[in-house]
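Before any comments, here is the structure.
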Amino acid sequence: MSADEDEDTAEMLHFNEIAHTFVGYSGDALRALRLRRNQFSLLSGDDRGLLAGYAEHLDAIERGIGANATALAEIASGSNMFGERTGTRPVARVSEENWSKLRSTIRQFVRDWSVDGALERQQCYQPLIDALLRVKPASSAGGDLVRVLVPGCGLSRLAFEIARLGYSVTGNEFSYHMLIASNWVLNCARERECCTLHPYLHHALNHRSRADMLRAVRVPDVCPAEYVDLLSSTGFSMAAGDFVELFGDSEQRGQWDAVVTCFFVDTAHNIVEYVRVIFAALKPGGVWLNLGPLLYHFAETRGEASIELELDELLRVVERVGFELMAPLEWRQCTYASDARSMLQSVYDCAFFQCRKPAAPVQLTPLGL
Ligand SMILES: C[S@@+](CC[C@H](N)C(=O)[O-])C[C@H]1O[C@@H](n2cnc3c(N)ncnc32)[C@H](O)[C@@H]1O
């Protein structure tokens, strides 16, 4: 087998494992519920007697898991990225990390595609959209479509919102969990709120009430199928794969009018490389709009490269690479895939910056890192 064939097989096996998390979700979720039932059964009769309705609560969680399982199987059934029905191949073992990513994907549905996520989207996406409209109006390309790239687009709501405004948008994402889920929303969901998920029943901590833990969320709050004519006329698309591999390519040089990143730059092994790739991919005069924290994803992963710059140093790199800052740095308080009813709320003070690639070629300053 050639190296390319080896790589294709490994990729297909990886896809299959992720697809299996969708179709095999109830097996994992019910295992966790069994542990809770066991813990309850170990209590003394007196203690159990004081926990009115607890056994029924666990039964209600089981029904919620059943509803999630139905929804996730439906979501996965839309993807056949490797030419066969998703999740139909047997899988030897799914890692705990991939089960956990599936649970995060369910929470990501709340952020991107539910009424409950509206405030979070207002905090995170709206500043980027408003800035894009201001600095690169959809009509600014003299009759051509304005091309916008959204790297690490997660479940694609930001990319979709920009496309809805008449921009020609490409989302980029490398996680199969995200790609399977976005594919369903963008290409398969036929009407608003056609799918019910119970996103909070996997976590037992910080709920104010049983009802909070069990509550359902309906998705999608807006149905992309209703915009199919607009989206196909502007060429809305998804580029599946690693951002640097896909957009660091010489064919991508000077192709984009705008790059919009939200909670993305800190996913880099080497954030300097991300800045360079974004700079090269932009047309002269193109803009990069970024909002997010610096929660470097690989900072605590053994054996993984990770360059962790402070924000002021990142901004110096941005300028040394050749960008001009177009406006003073701003701060935005944002939550991320949060449960608004939880007793624990994590709020990021996100950096929001807007920069431009000069219209004329620039004399670069050595980075001196
Ligand atoms: C923190 S999430 C943010 C998602 C989305 N932008 C949002 O604000 O909801 C970062 C996303 O970037 C994706 N990602 C991370 N590294 C990537 C890479 N090298 N190429 C493409 N996508 C990547 C992850 O899979 C994840 O969906």
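Assuming R0 = 56 Å, what is the FRET efficiency of residue 43 and residue 144, from their Cβ-Cβ distance, to the nearest 0.05? Don't skip to the end; give the middle numbers.
Numbers: r = 68 Å, r/R0 = 1.22.
Efficiency computed from Cβ-Cβ geometry: 0.25.
So what's the angle, to the nearest 10 degrees on a 0 to 90 scale, between helix 126-135 and the longest Cα principal axis of the chain?
So the helix axis and the longest Cα principal axis differ by about 20 degrees.
With unit charges on the beta carbons (Lys and Arg positive, Asp and Glu negative) and the dipole taken about the Cα centre of the chain, which residue among 267, 117, 18 sits farthest to the positive side?
117
Residue farthest toward the positive end of the dipole of the chain, with Cβ of Lys/Arg at +1 and Asp/Glu at -1: which of 282, 352, 41?
41
Test of understanding: ordering 228, 94, 219 by Cβ neighbours within 10 Å, fewest first, what list do you get? Could you put the intermediate results ahead of the total?
Working: 228 13, 94 17, 219 29.
The order, fewest Cβ neighbours first, is 228, 94, 219.
Could you tell me what % of all Cα pairs in the chain have separations over 32 Å? Walk me through the numbers on the way to the answer.
Details: 25707 of 67896 pairs.
Roughly 38 percent, once rounded to a whole number.
What size of dipole, in debye to the nearest 20, comes out for the chain about its Cα centre when the only charges are +1 on Lys and Arg C-beta atoms and -1 on Asp and Glu C-beta atoms? Present the calculation step by step, with values, prior to reporting the outcome.
On the way: 35 positive and 48 negative charges, 200 e Å.
The calculation lands at about 960 debye.
Counting each DSSP H run of 4 or more residues in the chain as -39500 (n - 2.57), what helix-only mean residue ellipticity at 222 nm follows after dividing by all residues, to the nearest 500 deg cm²/dmol?
-13000 deg cm²/dmol
Going by alpha carbons, how many degrees (0 to 90, nearest 10) lie between the helix axis of 25-41 and the longest principal axis of the chain?
Approximately 50 degrees, to the nearest ten.
How far, in degrees from 0 to 90, does helix 54-77 lean away from the longest principal axis of the Cα atoms of the chain, to the nearest 10?
So the inclination is approximately 40 degrees.
Hand me the trypsin sites (Lys or Arg not before Pro) from the range 108-212 located in a DSSP loop with no more than 12 other Cβ atoms within 10 Å, in residue order please. Don't jump to the answer; show the numbers that get you there.
Details: sites: 111, 121, 134, 147, 157, 164, 190, 192, 208, 210; in loops: 190, 192, 208.
Filter output for the range 108-212: 190, 208.
Can you give the charge dipole size of the range 1-126 about its Cα centre, rounded to the nearest 20 debye, using +1 on the beta carbon of Lys and Arg and -1 on the beta carbon of Asp and Glu? Let's see the in-between values first.
Numbers: 14 positive and 20 negative charges, 133 e Å.
Roughly 640 debye, rounded to the nearest 20.
If the reach is capped at under 17 angstrom between alpha carbons, list the lysines near residue 357, excluding any in the same chain fewer than eight residues apart.
Once the sequence-local lysines are set aside, what remains near residue 357 is 136, 283.
Just the C-alpha atoms of the range 161-285: what Rg/Rh do they give, with Rh taken as the Kirkwood radius? Each step should come with its number before you reach the end.
Details: Rg = 18.2 Å, Rh = 17.2 Å.
With Rg and the Kirkwood Rh in hand, the quotient comes to 1.06.
Taken together, the values in this text are just the output of simple stated rules run on the coordinates, not laboratory data. Keep in mind the model is a prediction, meaning the values are calculated, not measured. Heads up, the Cβs are rebuilt from the backbone with ideal geometry, glycines too, and the neighbour counts pull from every protein chain shown.
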